[in-house]
1. Could you tell me how far the Cα centroid of the range 7-23 sits from the Cα centroid of the range 127-173, in Å?
2. Given the C-alpha atoms of the range 1-65, compute the convex hull and give its volume per residue in Å³.
3. Radius of gyration and Dmax for the chain's Cα atoms, expressed in Å?
4. Using alpha-carbon positions, what is the distance between the centroids of the range 51-90 and the range 244-277, in Å?
5. For the chain, what does the helix formula give at 222 nm: sum of -39500 (n - 2.57) over DSSP H segments with n ≥ 4, over the residue count, nearest 500 deg cm²/dmol?
6. Among 66, 258, 138, whose mean-square fluctuation peaks in a Gaussian network model of the chain (Cα, cutoff 10 Å)?
7. Which residues does the label zone of residue 299 cover in the range 64-80, counting backbone N under 18 Å from a point 7 Å along Cα→Cβ?
8. Taking the Cα-to-Cβ direction at residue 306 and at residue 285 and moving 7 Å from each Cα, how far apart do the two end points lie in nm?
Ligand code: TYM
């Protein structure tokens with residue numbers, strides 16, 4: 001098994017990232033490394049420059065994100081933790097795959113449509129070709145599984161399409177070059193929603209900090225954000241079917257269920273008939289209890305930039321060694337003389 005996944009270092013790690021992806025990164029690290037497989041987790045700093053950014057902020061965010069991932073349980077001795085830009089093979093493979101990816105495929109990407117809006121002409125070329133780099137990220141390592149939230153599903157499907165077309169066009173049937181990666185999307189936490197609007201996903205780019213729980217929030221901030229979270233006036237139902245049409249309630253119950261390691265039905269069996277006044281403090285406490293040790297480790301780790309840089313350097317070296325054979329085979333398959 002080869003697990004590969006990435007996150008953009010564009011600000012705070014939030015509960016959506018944690019429940020949708022990072023928790024599974026940690027769980028897979030524990031299972032996979034014990035069974036002889038490998039996990040590669042990286043900061044997608046090359047993806048981060050597809051949108052306007054402040055250079056000094058990107059460096060600071062990159063280091064903060066390493067500290068946050070280690071605080072969440074990613075162990076650099078068992079997983080390969082690195083930043084994409086220190087492994088130039090990602091960008092090289094992207095160029096080679098640009099020959100296989102089709103304009104029409106990229107034009108259909110919902111993230112491109114959402115981020116570009118009406119101003120397509122004014123976007124960076126990088127924002128348009130972003131999904132080809134993401135395909136290179138996973139195909140470079142022959143990833144078998146990619147743990148992500150629901151919003152990355154379409155990008156993973158594109159990676160599979162690119163791999164399949166490349167294998168068809170340039171390889172013999174019995175010796176395909178690229179492994180087709182399987183997305184791994186957690187059922188209950190596939191899409192954690194904003195605390196202010198149950199129809200928008202929790203996101204780093206939401207201007208309101210009250211819309212998300214940051215992994216670095218302290219207990220007071222968490223209690224306050226949960227208390228202020230948007231809800232409706234009805235009491236909680238006793239069964240999941242009763243959450244139909246109640247996006248905010250559904251989101252809070254799902255968060256509780258995933259954090260407590262139980263199901264939505266089990267949470268409703270406990271809280272059904274009660275109002276949010278009773279439920280919210282319990283949810284706040286559960287979040288604060290789970291996140292407090294992560295926050296403590298984060299605060300200690302972020303102090304030492306040299307140690308964080310050393311983690312990325314060592315991880316990048318290991319990643320480069322794994323990347324080279326596939327990259328060389330890709331050059332050869334395309335007939336490029338080396
Ligand atoms: P990014 O940085 O936006 O998010 C990192 C991970 O967090 C998940 N996620 C969520 N899950 C549930 N609910 C939410 N509200 C929520 N918000 C974010 C994302 O699905 C993701 O798994 N393009 C990617 C980074 C990337 C990548 C890759 C991922 C680059 N190369 C290769 C996998 C494989 C991104 O911007 O994720």
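Computed from the coordinates by the stated procedures, all read-outs in this text should not be read as laboratory data. The structure displayed is predicted, hence computed values, not measured ones. Every residue, glycine among them, receives a Cβ derived from its backbone with ideal geometry; neighbour counts consider all protein chains shown.
1. Here the two parts' Cα centres lie 21 Å apart.
2. Details: hull volume 5.7 nm³, N = 65.
Per residue, the Cα convex hull of the range 1-65 comes to 87 Å³.
3. That works out to 20.9, 70 Å for Rg and Dmax.
4. Taking the Cα centre of each part, the range 51-90 and the range 244-277 sit 33 Å apart.
5. Values: 13 runs with 176 residues, N = 338.
-16500 deg cm²/dmol, from helical runs alone.
6. Looking only at 66, 258, 138, the biggest GNM fluctuation is shown by 258.
7. Once the point is set 7 Å along Cα→Cβ of residue 299, 64-65, 67-73 turn out to lie under 18 Å by backbone N, inside the range 64-80.
8. Output for this residue pair reads 4.4 nm.
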